[in-house]
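> Handing you this structure, nothing more for now.
Just so it is clear, none of the values below were taken in a lab; they were calculated from the coordinates. Please read these numbers as outputs of a predicted model, since none were measured by experiment. Counting neighbours? That spans all protein chains shown, and the Cβs are built from the backbone with ideal geometry, glycine included.
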Amino acid sequence: MLTIPVLLVFCLTAILSAFVIHDHHHRKMFVGSVGLAASIAMYGSPLVVMKQVIQTKSVEFMPFYLSLFSFLASSLWMAYGLLSHDLFLASPNLVGSPLGILQLLLYCKYRKVGITEPKEWELEKNQKKQMPHLKATAEKDEEKSMQSLKEMPAKDDEISKENFQLLVTDATNGQTRTNKGVI
């Protein structure tokens, strides 16, 4: 959805700078301005995720290392741009560094201190509560399938005389057992 407009802007920038703008200084200003706008949009894109973090009070959708290295990279490029007096390099990173700091602050505020896992005895207790229901359901399903097989009309005398196997999954312990019968 967003791929086509981005490719269109890139192609339009390349065509305009190559064929329309013949002066090196103006070409540099034009391509630098487009790059500046793209960089600011890139550093502003986590604002959507930061809104979601504040609403849900969870950093599930904002990876820590992405926020950390985004901050580090924008800070280093900002320092390099300022030292080399390059406005096109420093200005998007002047926006990116504070946004990176904001992401890290949000991560520190909304991260979970410790994830509590259920204890083993709680899991066993919950499984025992569910077992009678599963066992009764499995027995009913087995009875229904056996009845439907017995009620099937025999098409041939040979089929009615043969032994066959019926595999029924025992839902109470997850094992498969074999019932042999003659129809």
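> For Leu82 and Arg27, what does the FRET efficiency come to when R0 = 25 Å and r is the distance between their Cβ atoms, rounded to the nearest 0.05? Walk me through the intermediate numbers first.
Numbers: r = 24 Å, r/R0 = 0.96.
It comes out at approximately 0.55.
> Same structure, new question: Using the Karplus curve 6.51 cos²θ - 1.76 cosθ + 1.60 with θ = phi - 60°, what ³J(HN,Hα) values do you get for each residue of region 29-41, in whole Hz, with x for Gly and Pro?
Calculated HN-Hα couplings, in order: 5, 5, 5, x, 5, 5, x, 4, 5, 5, 5, 5, 5 Hz.
> Using a 10 Å cut-off on Cβ atoms, rank the peptides 47-58, 88-99, 70-81 from the highest mean neighbour count down.
Sorting 47-58, 88-99, 70-81 by mean packing, highest first, produces 88-99, 70-81, 47-58.
> To continue, here is another question. Could you list the residues of region 2-16 with an amide nitrogen less than 12 Å from a label point located 7 Å from the Cα of Ala41 in the Cα-to-C-beta direction?
Hits in region 2-16 for Ala41 at 12 Å: 2-13.
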